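The next block holds one structure in the form of structure tokens; read it before the comments.
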Amino acid sequence: DAGVTQTPRHEVAEKGQTIILKCEPVSGHNDLFWYRQTKIQGLELLSYFRSKSLMEDGGAFKDRFKAEMLNSSFSTLKIQPTEPKDSAVYLCASSPGGANTGQLYFGEGSKLTVL
Amino acid sequence: GEKVEQHQSTLSVREGDSAVINCTYTDTASSYFPWYKQEAGKSLHFVIDIRSNVDRKQSQRLTVLLDKKAKRFSLHITATQPEDSAIYFCAAEGTGYQNFYFGKGTSLTVIP
């Protein structure tokens, strides 16, 4: 089975641009997460979907970050407009979901650099 | 909400020695505690987990201990090898939805 696929792997944007990151979860998984990883803050939750419904929107990330799950096999994270402080690795993860929590399967990440 | 603290940012051990990474959490209702490993330039991958109905779980050279009273859990790696060198993240499942709170990671270096 294919794992979590994220594209692009690297993105360079000018301040103020709009960027869209993409994620394909593991087939059959019901839960999908977007995290931002930086050395200082560690992993921060941006969004969490269960069966395509948005369950958590990451609070502080609401204003310029928008995640969508258009179907069960595809999600996007839009950052608009980008700022230099958004430079980070954006990780998508999925899990089977269901009654018992299980491990997360992470993608390789999209490294964003905002100039 | 839940807060997970990982107390060592770095840890160095000699090959063959044991390594212990400690984490604490705040939410007494948390019931699931996974550990992830991140090798240089790569993403996170799951290594072991423990649920709150047990206090110990072992998988080959990895053991996780959970002390619910102290709200503390730890990862023990025995007979360390150079390929164990990586950043290890502990996590706890928060209450409500299946949301995981991560520690900031411990960079483990195994010296040959």
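The values are calculated or read from the model by the stated rules, or taken from the named source; none is laboratory data. All of these numbers come straight from a predicted model, not from anything done at the bench. Note that we place each Cβ from the backbone using ideal geometry, even for glycine, and neighbour counts take in every protein chain shown. Protein only, heavy atoms only, side chains kept; ligands, DNA and RNA dropped before computing areas. Shrake-Rupley method; radii C 1.70, N 1.55, O 1.52, S 1.80 Å.
In the list B:73, B:89, B:46, B:100, which residue meets the criterion of being over 21 Å from residue A:31 (Cα atoms) and in contact (Cβ under 8 Å) with a residue 12 or more places away in the chain?
B:73
Which of the residues that make up the range A:58-85 are touching a Leu at 6+ places or on another chain (Cβ under 6 Å) and open to solvent by less than 10 Å² (accessible area, probe 1.4 Å)?
A:75, A:77 - these are the residues of the range A:58-85 that are touching a Leu at 6+ places or on another chain (Cβ under 6 Å) and open to solvent by less than 10 Å² (accessible area, probe 1.4 Å).
When you look at residue B:66, is it open to solvent by less than 30 Å² (accessible area, probe 1.4 Å) and either modelled with pLDDT of 95 or more or within 13 Å of chain A (Cβ to nearest Cβ) (or both), yes or no?
Working: open to solvent by less than 30 Å² (accessible area, probe 1.4 Å): yes; either modelled with pLDDT of 95 or more or within 13 Å of chain A (Cβ to nearest Cβ) (or both): yes.
Against the criterion (open to solvent by less than 30 Å² (accessible area, probe 1.4 Å) and either modelled with pLDDT of 95 or more or within 13 Å of chain A (Cβ to nearest Cβ) (or both)), residue B:66 qualifies.
Here's a check for you: in the range A:40-55, which residue that is touching a residue at least 24 places away in the same chain (Cβ under 8 Å) and at the interface with another protein chain (Cβ under 9 Å from one of its Cβ atoms) is least open to solvent (accessible area, probe 1.4 Å)? It would help to see each step written out before you state the result.
Residues of the range A:40-55 that are touching a residue at least 24 places away in the same chain (Cβ under 8 Å), as a first pass: A:43, A:46-47, A:49-51.
So of that shortlist, the ones also at the interface with another protein chain (Cβ under 9 Å from one of its Cβ atoms) come out as A:43, A:50.
Working: A:43: 18, A:50: 72 Å².
Only one residue tops the list, namely A:43.
Return yes when residue A:68 is facing another protein chain (nearest Cβ under 8 Å) and charged (D, E, K, R) and no when it is not.
Working: facing another protein chain (nearest Cβ under 8 Å): no; charged (D, E, K, R): yes.
Against the criterion (facing another protein chain (nearest Cβ under 8 Å) and charged (D, E, K, R)), residue A:68 does not qualify.
Table: residues versus (1) buried (at least 20 other Cβ atoms within 10 Å of the Cβ); (2) farther than 21 Å from residue B:37 by Cβ; (3) in contact with a Phe, Trp or Tyr (Cβ under 7 Å, 6 or more places away or on another chain).
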site: A:11; (1), (2), (3): no, yes, no
site: A:35; (1), (2), (3): yes, no, no
site: A:38; (1), (2), (3): no, no, no
site: A:90; (1), (2), (3): yes, no, yes
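Whether any residue in the range A:12-33 is within 10 Å of chain B (Cβ to nearest Cβ) and within 11 Å of the chain's Cα centre (by Cα) is what I want to check.
Yes, that holds for at least one residue.
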